[in-house]
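S.K.: First, the structure itself, so that you have it in front of you.
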Amino acid sequence: MHENIKKVIVLGSGALKIGEAGEFDYSGSQALKALREESVTTILINPNIATVQTSEKLADKIYFLPVTPHFVEGVIEKERPDGILLSFGGQTALNCGTELYRNEVFEKYSVEVLGTPVRAIMDTEDRELFVNKLNEIDIKTPESIAANDVKGAIDAASKLGFPVIIRAAYTLGGQGSGFCFNKAELNAMAPKAFSYSNQILVEESLKGWKEVEYEVVRDRFDNCITVCNMENFDPLGIHTGESIVVAPSQTLTNREYHKLRELSIIIIRHIGIIGECNVQYALDPNSEDYRVIEVNARLSRSSALASKATGYPLAFIAAKLGLGYGLHQLKNSVTKSTTACFEPALDYIVCKIPRWDLNKFQGVSHQIGSSMKSVGEVMAIGRTFEEAIQKGLRMIGQGMHGFVGNRNLVFKDVETELKEPTDMRIFSIAEAFTKGYSVDRIYDLTRIDKWFLYKLKNIIDLESELSEYNDPETLPDELLKQAKIFGFSDFQIARYTLKSDPGEIEDDLIRVRNLRKTKGIIPYVKQIDTLAAEYPAVTNYLYLTYSGSEHDIEYENDKRSVIVLGSGAYRIGSSVEFDWCSVNAIDTVRQNGFRSVMINYNPETVSTDYDTCDRLYFDELSFERVMDIIDLETPKGVIVSVGGQIPNNLAMRLHNQDVSILGTSPVSIDRAENRHKFSSMLDELEVDQPEWMELTSVEEIQGFADRIGFPVLIRPSYVLSGAAMNVVSNKEELTHFLELAASVSKQYPVVVSEFIESAKEIEVDAVAKDGEIVAYAISEHVEFAGVHSGDATIVFPPQKIYFETVRRIKRITREISKELNISGPFNIQFLARDNDIKVIECNLRASRSMPFVSKVLKINLIELAKNCRVPLVA
């Protein structure tokens, strides 16, 4: 280790954005843990207040400043660090570090760049330098020409011949990239690419080739290992962030696997990486021909996935290597006995599936390609591809229940959908199979490897077999077991055998669950141990599968476990702030002497870092899977209030199965989430609210709107981030948006209320115990009501509200807290016009603004909330 490194700056990635999301909170947090273990003083620069890494306990000092050369230089001048880490904050940190290096700022203040040298970073980020660097060792890259203006790009395309792909330098998420099939398309696309960077690369199109990635680690002693290889389900042409990714690769021959592995090690040594990097290949499906697409000399979205898929903590190891350690000097943190030089071996299969929220935007194309649009991702673990893909498709939480059974999806033209993929492409494949398309025909249209297509056909074939039965009781045991091995949920089995209506399936689902349990068809708990059981694992990093015959761990059944339900995939409205809440809940559970158990499936999060909790179940947050884990853990209780809407929506279903929910009663949660019940409660309390009416018929609502006057607000129940909530100003809009709200709310009521214009919106984040408020924070929106709180600019403490307004808000908050007997975190939103106060809604869970007010107040509201509900045990 470098003895002279005592103080280190870590650059974060700033605000979450498409292509640069929670994975950098995870990698930065890992780096800070690694440095703290070595007694190095850490200084973090990151303005994202919602992240775990900006919590007090991880870094010694936090600067909530933009990650730009100007501000970072100011911190360097003030703090005088010995070293700086550039590769843990995504492209933002890397680009900032490169600019500081060019401006000789590091030289000026004698700051050592730890890990990969900046010259090596520039060799990978500058497309022209990158190609030249790999040419030195005869490594194939796509034939390409760098261009600095549109004319240069057209000249380059003329030399290469169309089609071409253009890529912008120093970007991520495929910004500015795209395929051009003629000069007109290039003329249109090149200026967009130049808006991201002053250099673009025009290169030969390899559309239809396989895309394969290797995560590689190297230390300063030239020890080098490949930690994980991953294969994109989709062929080249779809950005890896938009693609389903499978680890380890399934369709490569042994020769292909080892050839690309060997090349990865040659590349990383030649470039001079110290730490971790990601090598992306295009592989010709008809030969062993390949091209190196790019090398990321930093932690990436793929490396977060690789860490969670293998149990090998890439960011933690990379930070230690940056300090000068060798791989042979570091222990494998899963076995505690082998060294970090071991390459992980997997006895399971992992699927990463992206999640899009494109329906939230009007006029946005649903087609996916070389530029990234997805806002989050899930990771599913299973022993068969069929099991992992079906789990993953349920995890994305877009109303899907697996690969099949989504008959509410209608594709006007399946062939076009297969040729020009959209965010629903996986379901268009299911549709094609049900319409009689062969594997060969689907392959011709998609270029998705036939191995994957045959596996998907297995699922379709089994669905057909299940659908031949009209009662699960008549299913042969072997068929029921096979369905579970292939990842079919109890919900799916109930739907196929009982032909259940999705809105009335609860009882049928329980019936299938009880039936399989009586037949002994239960999931078994398996450990991710990184070495395929060659060495004993000490880490409880777990998943459930039906391809097993015994559990890998023993259960104590001592009622000392507390299960925390996480937030699932990042989506618009549910992001890193709920990860912060989950991690703080876990910490408080542990501090109170309980065994902390986390259920979550988002590979980008700190909450799915296996050293954050005592047991991590990397698995579904579905009713079925949570109940399976509760059966095994027999916990003291379950915490549903820190993971956003997914756990909240499970509260009543778990309560109905006599599960102990810690904190606020699910009956109270239902009274707050159900719009009709909540509005009725406010009327009983004589708390003012906008005039309202429940949707019973469109005619009655139209009469209500005529009486109170447009605009009116449509509000469905049990939704997050204002899904299907709309302000409407005429009858035509009213009819359309009522239908939309009813489709989202399903069995729950939709309420239409008066929309009050030019009103101020005020929020209260609070914690209560047995209905009595313990702590609160009042925030003020800058914009008038009508802008969703997640889109609003919020000021804390409030600057422009009357003292009398604050007094009334506190009184109403106390009344609601007492009536609902709240124990834990909650958030209430108010309208204020002059001193006229009206309640909009109340969420009996942590909110998006909770990390914000906690960090400003320096009072951790989640820690406070958990202590209210998990008292210390003697």
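S.K.: Viscosity 0.692 mPa s, temperature 37 °C: what is the translational diffusion coefficient of the stretch 66-129 from Stokes-Einstein with a Kirkwood Rh over Cα pairs, rounded to a whole number of µm²/s?
M.R.: Translational diffusion coefficient: 276 µm²/s.
S.K.: Students often get this wrong: which residues of the stretch 63-82 have the backbone nitrogen under 15 Å from the point 7 angstrom along Cα-to-C-beta of residue 38?
M.R.: Residues 82 qualify, since their backbone N sits under 15 Å from the label point.
S.K.: If you stretched the chain out fully between residue 288 and residue 422, how much longer would it get, using 0.36 nm times the residue separation minus the C-alpha to C-alpha distance?
M.R.: Extra length available between residue 288 and residue 422 comes to 45.3 nm.
S.K.: For residue 419, list the aspartates and glutamates whose Cα falls under 15 Å from its own Cα; do not include residues on the same chain fewer than 8 positions away.
M.R.: 234, 431, 440, 444, 449
S.K.: Taking only Cα atoms of the stretch 1-77, what ratio of Rg to Rh do you get with Rh as the Kirkwood inverse-distance radius?
M.R.: That ratio equals 0.96.
S.K.: At residue 132 and residue 4, where each label point lies 7 Å from the Cα along Cα→Cβ, what is the point-to-point distance in nanometres?
M.R.: Each label point lies 7 Å from its Cα, and together they span 3.1 nm.
S.K.: Using the beta-carbon distance between residue 220 and residue 102 and R0 = 25 Å, what value does 1/(1 + (r/R0)^6) give for FRET efficiency, to the nearest 0.05?
M.R.: Numbers: r = 24 Å, r/R0 = 0.96.
Plugging the Cβ-Cβ distance into 1/(1 + (r/R0)^6) gives 0.55.
S.K.: Here's another thing I want to ask about it. Where only protein heavy atoms count, and the probe is 1.4 Å, what is the accessible area per residue for the chain in Å²? Before the final figure, lay out each step's value.
M.R.: On the way: 31960 Å² over 874 residues.
Spelled out: the 1.4 Å probe surface of the chain, per residue, equals 37 Å².
S.K.: Give me the extension gain from residue 159 to residue 807: residue separation times 0.36 nm, minus the current Cα-Cα distance, reported in nm with one decimal. Numbers along the way, then the final one.
M.R.: Details: separation 648, 0.36 × 648 = 233.28 nm, distance 7.28 nm.
That pair, residue 159 and residue 807, stretches by 226.0 nm at full extension.
S.K.: Evaluate the Debye formula for the stretch 607-662 with equal point scatterers sitting on the alpha carbons, no solvent, and hand back log10 of I(q)/I(0) at q = 0.13, 0.16, 0.24 Å⁻¹, in q order, two decimals.
M.R.: Results for the stretch 607-662 at q = 0.13, 0.16, 0.24 Å⁻¹ read -0.31, -0.48, -1.11.
S.K.: Can you tell me which lysines have their Cα less than 16 Å from the Cα of residue 838? Leave out same-chain residues fewer than eight positions away.
M.R.: Filter leaves 760, 810.
S.K.: Still on this model: Taking 22 Å as R0, compute the FRET efficiency from the Cβ-Cβ separation of residue 691 and residue 361 and round it to 0.05.
M.R.: E(calc), rounded to 0.05, equals 0.10.
S.K.: If you average over every viewing direction, what projected area does the convex hull of the Cα atoms of the stretch 425-582 give, in nm²?
M.R.: 13.8 nm²
S.K.: When only alpha-carbon atoms are used, what values of Rg and Dmax, in angstrom, describe the stretch 634-710?
M.R.: 16.8, 54
S.K.: While we're on this one: Ignoring everything but the protein chains, give the 1.4 Å probe accessible area of residue 810 in square angstrom, nearest 10.
M.R.: Counting only protein heavy atoms, residue 810 exposes about 70 Å² to solvent.
S.K.: May I pose another question? Take the Cα radius of gyration of the stretch 666-767 and divide it by 2.2 N^0.38 Å, with N its residue count; two decimals is plenty.
M.R.: 1.06
S.K.: Follow-up question, since we're still on this one. What number of lysine-lysine pairs in the stretch 1-148 show an alpha-carbon separation below 29 angstrom, given a sequence spacing of 8 or more or placement on distinct chains?
M.R.: Lysine pairs satisfying the spacing and distance rule in the stretch 1-148 number 22.
S.K.: Quick query: amide H of residue 63 versus all other amide H atoms, modeled in the peptide plane; which residues come in under 5 Å with a sequence gap of 5 or more or a different chain?
M.R.: The list, which skips near neighbours in sequence, is 44, 45, 46.
S.K.: In whole Hz, what ³J(HN,Hα) sequence does the stretch 363-380 give by Karplus (6.51, -1.76, 1.60; θ = phi - 60°), x for Gly and Pro?
M.R.: Karplus-based 3J(HN,Hα) across the stretch 363-380 equals x, 7, 5, 8, 6, 10, x, 7, 10, 7, 10, 5, 9, x, 7, 10, 10, 10 Hz.
S.K.: Amide H of residue 771: which non-local residues (sequence gap of 5 or more, or other chain) have their own amide H closer than 5 Å, using H built in the peptide plane?
M.R.: Long-range HN contacts for residue 771: 822, 823.
S.K.: Calculate, for residue 151 and residue 412, the FRET efficiency according to 1/(1 + (r/R0)^6) with r their C-beta to C-beta distance and R0 30 Å; round to the nearest 0.05.
M.R.: Working: r = 41 Å, r/R0 = 1.35.
Here the calculated transfer efficiency is 0.15.
S.K.: Right, next: Ignoring ligands, DNA and RNA, what percent of the 1.4 Å accessible area of the chain is carbon and sulfur?
M.R.: 48 percent
S.K.: Right, next: Name the long-range amide H neighbours of residue 244: under 5 Å, sequence gap of 5 or more, or other chain; modelled H, no Pro or chain starts.
M.R.: Hits under the 5 Å cutoff: 233, 234.
S.K.: Residue by residue through the stretch 572-583, what is 3J(HN,Hα) from phi via Karplus (6.51 cos²θ - 1.76 cosθ + 1.60, θ = phi - 60°)? Round to whole Hz and write x for glycine and proline.
M.R.: For the stretch 572-583, the Karplus-derived couplings read 5, x, 9, 9, 5, 4, 6, 5, 4, 4, 5, 5 Hz, x marking Gly and Pro.
S.K.: Could you state how much accessible area residue 330 has, in square angstrom rounded to the nearest 10, with a 1.4 Å probe and all protein chains kept in place?
M.R.: Only protein atoms counted, so the area is about 20 Å².
S.K.: Any idea what the relative contact order of the chain is, in percent, if you count C-alpha pairs under 8 Å spaced at least 6 apart?
M.R.: Once divided by the residue count of the chain, the mean separation gives 9 percent.
S.K.: Further question on the same structure: So how far apart, in nm, are the two label points at residue 474 and residue 270 if each is 7 Å from Cα heading toward Cβ?
M.R.: 6.5 nm
S.K.: So for each of 792-798, 763-769 I average, over its residues, the number of other beta carbons within 10 Å; can you give me the resulting order with the highest mean first? Write down the numbers at each step before the final one.
M.R.: Numbers: 792-798: 15.4, 763-769: 25.4.
The densest-packed peptide leads the list: 763-769, 792-798.
S.K.: Take the Cα atoms of the stretch 554-611, find their three principal axes, and give me the spread along each one in whole Å, biggest first.
M.R.: Cα spread of the stretch 554-611 along its principal axes, largest to smallest: 39, 22, 17 Å.
S.K.: Something else about it: According to a simple spin-label model (label point 7 Å from Cα along Cα-to-Cβ), what is the distance in nm between residue 706 and residue 60?
M.R.: According to this spin-label approximation, the distance is 7.3 nm.
S.K.: Quick one: plug the Kirkwood hydrodynamic radius of the stretch 747-800 (C-alpha pairs) into Stokes-Einstein at 37 °C, 0.692 mPa s, and report D in µm²/s.
M.R.: Numbers: Rh = 13.2 Å.
For these conditions, the coefficient is 248 µm²/s.
S.K.: Return the Rg/Rh ratio of the chain with Cα-based radii and a Kirkwood Rh.
M.R.: That ratio is 0.96, to two decimals.
S.K.: Here is a further query. Can you give me the convex hull volume of the Cα atoms of the stretch 109-209, divided per residue and expressed in Å³?
M.R.: In the stretch 109-209, the Cα hull volume divided by residue count equals 130 Å³.
S.K.: For residue 499, go through the lysines and keep the ones whose alpha-carbon is under 27 Å away, minus same-chain ones fewer than eight residues off.
M.R.: Those lysines meeting the cut-off are 391, 412, 435, 455, 457, 481, 484, 517, 519, 746.
S.K.: Related question: Just subtract the alpha-carbon distance of residue 757 and residue 109 from 0.36 nm times their residue separation and send over the number in nm, one decimal.
M.R.: So the chain would gain 227.8 nm between residue 757 and residue 109.
S.K.: Tell me what the chain gives for mean residue ellipticity at 222 nm when only DSSP H runs of n ≥ 4 count, each as -39,500 (n - 2.57), the sum divided by the residue total, rounded to 500 deg cm²/dmol.
M.R.: Mean residue ellipticity, 222 nm, calculated: -11000 deg cm²/dmol.
The values are calculated or read from the model by the stated rules, or taken from the named source; none is laboratory data. From a predicted model like this one, the values you see are computed outputs, not experimental measurements. Please note: Cβ atoms are built from the backbone with ideal geometry, for glycine as well, and neighbour counts cover all protein chains shown. These area figures cover heavy atoms from the full protein model, side chains too; ligands, DNA and RNA do not enter into them. Shrake-Rupley method; radii C 1.70, N 1.55, O 1.52, S 1.80 Å.
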